[in-house]
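Here the structure comes first, spelled out in structure tokens, and everything after it is commentary.
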Amino acid sequence: MAQKSGGGWFWLLVGILAGIAMTLAALLFLNAGSGDVVENQSLADEAAASAAGQLPEAPAPVAPVQAETRTDPVPVPHDAGLDPASDDQIADDAAAAGMTSRAPPPAPRGD
């Protein structure tokens, strides 16, 4: 029987290189086409072309018309909410939750 002489590594390398070459050839064949023809542009293509400056620019916006200015003061709306300082229920709930920041009244000095 004949001895094997290391030819297996050679054919493995040839096969890998042939596979790479065939893959590159297939990619070139599939991508070979005229890039100038634009058949169906999507919104993303139009946005990219607009960002690249290939589309004509939109006309400049018209300056806004100045509205007449009011001279009478606008009254500040009254807050009809609850006042936590005068509402006992809110003060009790805040105290129970430990959310008060009231300092105890100062002790009278005996000077």
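The values are calculated or read from the model by the stated rules, or taken from the named source; none is laboratory data. Fair warning: this is a prediction, and the values are worked out from it, not measured in the lab. With ideal geometry, Cβ positions are generated from the backbone for all residues, glycine too; neighbour counts draw on all protein chains shown.
Of the listed requirements (1) at pLDDT 75 or above; (2) surrounded by 10 or more Cβ atoms within 10 Å (Cβ to Cβ), Pro108 misses just one: (2).
Flag: Leu82 does not match the condition of being assigned to a loop (DSSP other than H, G, I, E, B), modelled with pLDDT under 70 and in contact with an Asp or Glu (Cβ under 8 Å, 6 or more places away or on another chain).
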